[in-house]
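For reference, the structure is listed below as structure tokens.
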Amino acid sequence: MLKGKRGLVVGVANDHSIAFGCAAKLRAFGAEVALTYLNDKSKTYVEPLAKQIDADLLLPLDVTQPGQVQAVFEQIREKWGSIDFIIHSIAFAPKDDLHGRITDCSRDGFVQAMQISCHSLIEIAHHAEPMLNPGGAIITMSYYGADKVVEHYNMMGPVKAALESTVRYMAKDLGEKDVRVFAVSPGPLRTRASSGINHFDELIEMATTRSPGRRLVDIAEVGRVVAFLVSGSASGMTGDVIYVDAGLHIMA
């Protein structure tokens, strides 16, 4: 389904990462992928996964460091010349701000969360745009807490809301170039990023109890939806938030 397509997956931390679920499914459907790792410590976890799925590139990327996004795309241009998709699956908030009330969130904490979780998508898209082939897709990861108040999600709710709005505006900006933009919104998953959310086990229990199927989704299910969005089968779609949460978001 994806043979001949090439793209970048940002955000793999370990084999439980949503980003790895996406990368593995994209490879399984025939795409070539480049992966990034945050730092030398994370490389020890990501490098074996890159070998496992036979990734074409493994590149360092810390979006807080000036010049690193540009360097990634320079190496991709040298390797491939052009790309067909970007998967953006990174988010961060300082623990003190994440665990407190939104009313008490510090300015520095909010700015850091917005820069890493939201503006990094804009920066990545900016550098990717000249290299994206017509029919290409940019996909980021959101969460239901962007739309409704979810206990303990706190400051990440407004941050993800900004991310979803960014997706819509980017879809408009890039539509004339035949590049589509999406947010995929999985239900709660046990990832390294989610472990920082206070009382996360309660979110897991809520999702299991309230979803129509009385279950959680897994990273492979998210990956299959991402593969569909990257493929030509989704050519008539853009700017959408796609829920992959076993129907949790439809429940009152």
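How about segment 73-145: which trypsin sites (Lys or Arg not before Pro) there lie in a loop by DSSP and see at most 15 other Cβ atoms within 10 Å? Walk me through the numbers on the way to the answer.
Numbers: sites: Arg77, Lys79, Lys95, Arg101, Arg107; in loops: Arg101.
Filter output for segment 73-145: Arg101.
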- Would you calculate the separation in nanometres between label points at Met206 and Gln65, each defined as 7 Å from the Cα along the Cα-to-beta-carbon direction? 3.6 nm
- Amide hydrogen neighbours beyond the local backbone of Ala137, cut-off 5 Å, H modeled: Phe85, Ile86, Arg180
- Per-residue Cβ contact counts at 10 Å, fewest first, order Val159, Val12, Val241 as Val241, Val159, Val12
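About the Cα centre, and with charges only on the beta carbon of Lys, Arg (+1) and Asp, Glu (-1), how big is the dipole of segment 68-226? Nearest 20 debye, please. Kindly include the intermediate steps, with their values, before the conclusion.
Numbers: 17 positive and 20 negative charges, 66 e Å.
Around 320 debye, computed over segment 68-226.
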- Item | Under 30 Å between alpha carbons - lysine pairs in segment 6-250 that sit 8 or more apart or on different chains | 25
- Log10 I(q)/I(0) at q = 0.09, 0.10 Å⁻¹ for the chain, from Debye over equal alpha-carbon scatterers, is -0.36, -0.44
- Message: Counting C-alpha atoms alone, how compact is segment 129-252: give Rg to one decimal and Dmax as a whole number, in angstrom.
- Response: 15.2, 45
- Message: Which residue, Thr208, Ile76, Ser106, has the largest displacement toward the positive end of the dipole of the chain when charges sit on each Cβ (Lys, Arg +1; Asp, Glu -1)?
- Response: Thr208
- How much length is gained on full extension from Glu151 to Asp40, taking 0.36 nm per residue of separation minus their Cα-Cα distance? 36.5 nm
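Any read-out appearing in this document is the output of simple, stated calculations on the displayed coordinates, not a laboratory observation. These numbers come from a predicted model, not from an experiment. Every residue, glycine among them, receives a Cβ derived from its backbone with ideal geometry; neighbour counts consider all protein chains shown.
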